[in-house]
Amino acid sequence: MPNVASLNSLPYRHVLPHTTALSPAGRLSIGGCDLRELAETYGSPLYVFDEQDFRETAREYQREFASHWPEVSVLYAAKAYLSLPLANIVAEEGMGMDVVSGGELAIARAAGFPSSRLYFHGNNKSAEELAAAVSGDPVGRVVVDNFHELTELNRIAGEHATRQPILLRVSPNVDPHTHAKTTTGVLDSKFGFAIANGDAEKAVAAAIAAPNINLRGLHVHLGSPIFEIEPFEQASEVMCSFAQEMGAAHGFRFEEYSPGGGFALAYTRAQHAPAISEYAERLSLSMEKALARHHLEQPSLHIEPGRSLIGRAMVALYTVGARKEIPSVRTYVSVDGGMADNIRPAMYGSSYEAVPVDRPLEEAVETVTIAGKYCESGDILVADAELPRLEPGELIALPASGGYNLAMSSNYNMALRPPVVAVQNAQARLLQRRETVEDLVARDVL
Ligand SMILES: Cc1ncc(COP(=O)(O)O)c(C=O)c1O
């Protein structure tokens, strides 16, 4: 009978969730649940969430960074995927959360997420969003991105009789060598105050002078996913140098530092992300050295992993349908999802592995293109998947589907967003149901 050991021989085992195994029937299982049985119960497409994988990774982040730095908080970047039950799991694991919109903030609040552990990001927060952040129980930090926001936040915090703690988002002009669409910490970016043109210094001076703002420190986010550690190390030096200059010029106190998120996740057999321990060790060491060089005290550290925390914990399940063979050109195998639930291949050219759920160990006999079902030629999920010859009705799993798939999903072609089911200890728990036609027309006014 096939067993876990044989699953470990797969060249892409590292992109599968931690608890992936073979069911007694030889099919793929996660959290002790057979994926075919899950698809039969919940339908397809279906997103399966390995709760243990997520919790273990959350604990690993906290443990590894805490072993190198005295005061650390790990904030889950909710933009990667958010729902009420996930917010509860994040809170249970003792993490904070980075939110980037009034919508994400509202979901965090609806889940009863501790406000003090919320960090509010975004490059164009509206007055309403800022008011929602500072009113009632104010969020822990607003990460201020630009001068307009600084002025507005100072005004709004004053109206709410509060002095809002903030970080300033600074653009250090460090290139993380990732996709242009996900590079954020360079001079030509819509995000943050650039050091290079003097904006960051002006922002520090303005924030210190603002009566309703409490400037606590600096934030950078370089991009995502960042497979090299050097960009984080470079940012440590740039930020400490800047902090020292701001201390001398404006009396700035560097109490908190956030190097953001962007830690890498492997999507395919060819990709290997640095271990969390490696990021923690080298980032901490680079900060220690830079702090010493610039005669600064140790700030607390806030990190914001999104993709690398949730990514591997989810697989997307699709059912195979039509097949189109174009001799000497290509064979298309179409599935029942696509760019409406995962826009990443169309948007960034992202690659995935494709795993035949019913016979994961079977030899590949052909190379096919896995196409989505939506009305775009670019709706391709996997360009060259090597698979056994799959019959209509068979299931394909796409691992590493937790980050930015459902978060960027749409109703294109009036697609119904798929459900999310959490699996753990052979139990399945629905976290989000499938959308319905009633949902599709819920906003329509006749
Ligand atoms: C400010 C900030 N923090 C954290 C993240 C999370 O990045 P990742 O999901 O790659 O860890 C992002 C992603 O865009 C971000 O903009």
> What net charge do the residues around Asp50 carry, taking every other residue with its C-beta under 15 Å from that of Asp50, with Lys and Arg at +1 and Asp and Glu at -1?
Replying inline: -1
> GNM, the chain, Cα, under 10 Å: largest mean-square fluctuation among Arg269, Arg307, Arg117?
Replying inline: Arg269
> What shape does segment 48-154 have by the C-alpha gyration tensor, where a ≥ b ≥ c are the square roots of the eigenvalues, rounded means a/c under 1.5, and otherwise prolate means a/b greater than b/c and oblate the rest?
Replying inline: prolate
>> So, R0 is 25 Å and r is the distance between the beta-carbons of Ser377 and His14; what FRET efficiency does that work out to, to 0.05?
In response: 0.20
> Can you list the residues of segment 406-432 with backbone N under 19 Å from a point 7 Å past the Cα of Glu37, pointing along Cα to Cβ?
Replying inline: 420-431
>> With the crude spin-label approximation of a point 7 Å out along Cα→Cβ, what separation in nm comes out for Arg429 versus Arg389?
In response: 4.4 nm
> In terms of Cα to Cα distance under 24 Å, which lysines are near enough to Lys289, apart from those fewer than 8 places away along the same chain?
Replying inline: none
>> Within 10 Å of each candidate Cβ there may be at most 12 other Cβ atoms; applying that plus a DSSP loop requirement, which GluC sites (Glu not before Pro) in segment 288-354 survive?
In response: Glu297
> Hey, what do the phi angles of segment 348-358 turn into as Karplus ³J(HN,Hα) couplings, whole Hz, using 6.51/-1.76/1.60 and θ = phi - 60°, x for Gly and Pro?
Replying inline: 10, x, 5, 10, 9, 8, 10, 10, x, 4, 7
>> Give me, ordered by chain and number, the residues 5 or more places off Ala371 or on other chains with an amide H under 5 Å from its own placed amide H.
In response: Val333, Ser334, Val335, Leu381
> Once the Cβ-Cβ distance between Tyr332 and Ser126 is put in as r, and R0 is 51 Å, what FRET efficiency do you end up with, to the nearest 0.05?
Replying inline: 0.75
> Among 437-445, 394-402, 417-425, 245-253, what's the highest-first ranking by average C-beta atoms within 10 angstrom per residue?
Replying inline: 394-402, 417-425, 245-253, 437-445
>> Between Asn88 and Glu362, what is the label-point separation in nm under the 7 Å Cα-to-beta-carbon projection?
In response: 3.9 nm
>> Given Cβ point charges of +1 (Lys, Arg) and -1 (Asp, Glu) and nothing else, what value in debye, to the nearest 20, does the dipole of segment 52-309 about its Cα centre take?
In response: 280 debye
> With each label point set 7 Å from Cα along the Cα-Cβ vector, what nm distance links Ser135 and Asn197?
Replying inline: 3.4 nm
> Using 1/(1 + (r/R0)^6) with R0 = 22 angstrom and r between the beta carbons of Leu446 and Asn411, what's the FRET efficiency to the nearest 0.05?
Replying inline: 0.75
> Ala110 to Val437: extension gain in nm, 0.36 nm per residue of separation minus the Cα-Cα distance?
Replying inline: 115.2 nm
> Given H placed 1.01 Å from N in the peptide plane, which residues other than close sequence neighbours of Glu435 have an amide H under 5 Å from its amide H?
Replying inline: Arg417
> Residue-wise, which Karplus ³J(HN,Hα) couplings in Hz belong to segment 432-441, taking 6.51 cos²θ - 1.76 cosθ + 1.60, θ = phi - 60°, and x for glycine or proline?
Replying inline: 9, 7, 5, 5, 10, 4, 4, 4, 4, 9
> Does segment 69-115 come out rounded, prolate or oblate by the C-alpha gyration tensor, with a ≥ b ≥ c the root eigenvalues, rounded set by a/c under 1.5 and, if not, prolate when a/b is larger than b/c and oblate if not?
Replying inline: prolate
> Could you work out the helix-only [θ] at 222 nm for the chain, with each DSSP H run of four or more residues adding -39,500 (n - 2.57) and the total divided by the number of residues, to the nearest 500 deg cm²/dmol?
Replying inline: -8500 deg cm²/dmol
>> Using Cα springs under 10 Å in a Gaussian network model of the chain, which residue among Cys33, Cys240, Cys375 shows the largest mean-square fluctuation?
In response: Cys375
> For segment 255-268, in order, what is each residue's ³J(HN,Hα) by Karplus, 6.51 cos²θ - 1.76 cosθ + 1.60 with θ = phi - 60°, in whole Hz (x at glycine and Pro)?
Replying inline: 8, 9, 10, 10, x, x, x, x, 5, 6, 9, 7, 9, 10
>> Under the rule of at least 5 residues apart or a separate chain, name every residue whose amide H is placed under 5 Å from the amide H of Ser73.
In response: Leu301, His302, Ile303
> Among Gly26, Gly136, Gly262, which one shows the biggest mean-square fluctuation in a GNM of the chain, springs joining Cα atoms closer than 10 Å?
Replying inline: Gly136
>> Report D for the chain in µm² per second (integer): Stokes-Einstein, Kirkwood Rh on Cα pairs, 10 °C, 1.306 mPa s.
In response: 69 µm²/s
> Rounded, prolate or oblate: which one fits segment 52-309, using the alpha carbon gyration tensor with axes a ≥ b ≥ c (rounded when a/c is under 1.5, else prolate when a/b beats b/c, else oblate)?
Replying inline: oblate
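Readers should treat all values here as calculations from the given coordinates under stated rules, not as data from a laboratory. Because the structure is predicted, anything quoted here is derived from the model rather than measured. All Cβ positions, glycine included, derive from the backbone under ideal geometry; neighbour counts span all protein chains shown.
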